[in-house]
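Shown next, in structure tokens, is the structure this report addresses.
Derivation of every value follows stated rules applied to the coordinates shown; laboratory data play no part. The model shown is predicted, which means the values in this text are computed figures rather than measured ones. Every residue, glycine among them, receives a Cβ derived from its backbone with ideal geometry; neighbour counts consider all protein chains shown.
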Amino acid sequence: MDPVVVVGLLAVALALLALAFTVVGRHYGGAQARPVVGADDADARRRASPFQPIVRADDDVDARRRLALVAGRQPDEPNNSRGFFMAVVGESYQNKDGQSRQKIIRDARSGDRALLVPEPDNPHDKEAVMVCLADGRQIGYVGRDSIDPPLYDAIGDGRVRAYIASVRGGTAEKPSLGVALYVAVERKPRRKARAAKTD
């Protein structure tokens with residue numbers, strides 16, 4: 001066989017192998033597949049190449065959660081946490097200051113941090129919980145069906161971290177944007193047993 005043909009076949013095989021690794025890495029959310037950024041880095045995300053990850057997170061667990069959500073997977077939670085998905089409601093309304101929640105949602109990306117803020121002075125529901133982007137702009141509420149007393153307590157105790165899991169809609173068939181959250185709840189630390197008194 002001609003050496004030029006052999007070299008050409010090897011080059012094609014190597015290119016196909018590199019393409020296969022790229023596709024597999026994107027499918028399984030490999031570290032090189034997608035950028036992961038903090039909520040304050042939306043512009044950096046838009047500028048980033050899909051092969052240059054930008055990791056700016058508070059801790060490793062936070063970074064792993066964001067990476068999984070950007071890759072479209074449910075994060076693996078450590079033993080002291082549980083995680084679940086929930087929908088945001090009221091996204092089509094305007095905020096009290098007149099801002100359109102739909103316009104604000106356009107700035108949200110999978111993996112961005114979200115804030116769950118209790119609103120006890122809400123005239124319709126004393127246990128209402130606002131959903132805001134990390135910069136404080138409100139995008140909706142947690143649905144009444146999604147809130148139970150333990151979750152409400154965890155939000156008040158600061159044991160909850162919320163992330164944008166996905167933004168849906170914005171198409172001709174469904175022009176309104178909707179948001180799904182991923183919520184991670186740290187379990188309450190167990191109280192240590194009192195030391196037995198000795199006489």
Order by protection proxy (mean Cβ within 10 Å, highest first), peptides 100-110, 168-178 = 100-110, 168-178
Apply the Karplus parameterisation 6.51 cos²θ - 1.76 cosθ + 1.60, with θ equal to phi minus 60°, to every residue of the range 113-121 and state each ³J(HN,Hα) to the nearest whole Hz, in sequence, with x for glycine and proline.
-> 5, 10, 10, 10, 10, x, 10, x, 8
Treating only the Cβ atoms of Lys and Arg (+1) and Asp and Glu (-1) as charged, compute the dipole magnitude of the range 78-186 about its Cα centre; round to the nearest 20 debye.
-> 420 debye
From the phi of every residue in the range 142-149, what ³J(HN,Hα) in whole Hz does the Karplus formula 6.51 cos²θ - 1.76 cosθ + 1.60 yield, where θ is phi - 60° and glycine or proline is x?
-> 6, x, 4, 5, 8, 9, 10, x
Contour excess over end-to-end distance, with Cα ends at Arg190 and Ser100 and 0.36 nm allotted per residue | 28.1 nm
Residue-wise HN-Hα coupling along the range 168-174, computed from phi with Karplus coefficients 6.51, -1.76, 1.60 (Hz; x: Gly, Pro) | 10, x, x, 10, 5, 6, 9
Label zone at Tyr93 (point 7 Å along Cα-to-Cβ), backbone N below 12 Å, the range 135-159 | 139-144
Would you calculate the separation in nanometres between label points at Asp157 and Arg73, each defined as 7 Å from the Cα along the Cα-to-beta-carbon direction?
-> 3.0 nm
Extension gain Asp107-Glu127, at 0.36 nm per residue separation less the Cα-Cα distance, in nm?
-> 4.5 nm
So, counting K/R as plus one and D/E as minus one, what does the shell of residues with Cβ under 13 Å around Gln99 add up to?
-> +1
